[in-house]
Amino acid sequence: MSAAGFGFVYGLSARDAGFSPIEAIAMSLMVFGGASQFAAVGYVASGLAWPAIVLLTGLLNARHLLYSMALAPWFRRVPLARRAVAAHLLTDEAFALSIAHFRRVGGTDEWGYWVAAIASTLIPWNVATAVGVVLGGQIPDPARFGVDIIFPSAMIGLSVGLITGRRELVAAFVGAGVGVVVTLVTSPAVGIVTGGLVGPAVGLLVPAAAARETAPLGTTPSAERYAMPGTHFDPESEPASARDEDAR
Amino acid sequence: MSTTLVLLAVLMFLVTYPSRALGLLTPWLDRLPRVGFDYLQLVGPAILAALAAVSVMVVTDAAGKPSFHVGIEWVAVLACLGITAWRRNLLFGLIVAVLIVVIARGTGFAALPT
């Protein structure tokens, strides 16, 4: 829903900024990064020079380096070519969904990553972009339907799925606070990356004893704790013993 | 139909892909010290929270100057946060957030974003 809603709004914005459908869809396929695409639409509309747009895009998408590094240990047994493809599909949503899933099952589930990256994000994002840019002119005021609130709501909801202890909670609060403050004095690109770097550093200051996961990863109690909001885990549908056996 | 901006999309891809690929394609990362791995596990919550906070608390004007924003979007996002944490249901949280904004804007309680 997040990818579809946000992609639709991007399509509308691109259309308003004078993008042709081919240009808008090409950007969604190749860049595949919502925040940077939105920013690029604004930059193009304001006449910013291309080198500056490219530079700002690189800065705004630098957060993916942190996602990529966080996922790396889970992907170490995946062949290089598939890792290279997986990298292009790495988005905020794909990262949040897949790493929570990996933690829940206590190991790498490559198929789960492809579902999160392609079925939940790539396809809805690009279809919605096409719909937005082609049909957008028939919708007089899309903000009236609240589509602009989908992205931040989805981001905060996805972060809830990753908060499993005090360290994550502190990292999220500090990341948000630092992100806003730095954005106000610089730009959203710098603010978000700074929040993403400083938040975890402060989160690590929480004593390990207070942050420690009490249930071993891969067990049913741990899975319940790590289950993504509104997604996979249903303790009634599968015997705990079978799940624990799988995890081992 | 114009295709000029396709080249811009290619350039944007070229600066984005390395960020996504470097971690996944670098073999030594799985031998990080424990503190490094712990740090990386905290990156997700921090960045997602920063994205959400910046999206609702900061607006930029036509000149690109950011300013602090208070609005109904705060209520919507907090409602989504609370519902997702309470019910473990992100879809329900998203629906409630959208409804809050639609009703507030439809009744004139909140202004449409510019």
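None of the figures in this text is laboratory data; all of them are computed from the coordinates on show. Nothing here was measured: the structure is a model prediction, and the numbers come from that model. Cβ atoms come from the backbone with ideal geometry, glycine included; neighbour counts cover every protein chain shown.
Structure data summary
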| quantity | calculated |
| --- | --- |
| Rounded tilt (10° steps) of B:4-25 against the dominant C-alpha axis of chain B | 60 degrees |
| Computed Kirkwood radius, in angstrom, where 1/r is averaged over Cα pairs of region A:1-99 | 14.6 Å |
| Rounded to whole Hz, the Karplus (6.51, -1.76, 1.60) HN-Hα couplings of region A:76-87, x for glycine and proline | 5, 9, 7, x, 4, 4, 6, 5, 5, 6, 4, 4 |
| Label-to-label distance, nm, for residues given as B:Arg31 and B:Val75 (7 Å Cα→Cβ offset) | 5.6 nm |
| Kirkwood Rh in Å, taken over the protein assembly as shown so that all alpha-carbon pairs contribute | 20.6 Å |
| Rg/Rg_globular for chain B, with Rg_globular taken as 2.2 N^0.38 Å and Rg from C-alpha atoms | 1.48 |
| Integer Hz, Karplus 6.51/-1.76/1.60 couplings in order for region A:47-60, x for Gly and Pro | x, 5, 5, 4, x, 5, 4, 5, 4, 5, 4, x, 5, 5 |
| Peptide A:31-42 - average C-beta neighbours from other chains (10 Å radius) | 3 |
| P(r) tail fraction, region A:127-177 - alpha-carbon pairs more than 12 Å apart, % | 73 percent |
| Karplus-derived HN-Hα couplings along region A:147-154 (A = 6.51, B = -1.76, C = 1.60, θ = phi - 60°), whole Hz, x at Gly and Pro | 5, 6, 8, 5, 4, x, 5, 5 |
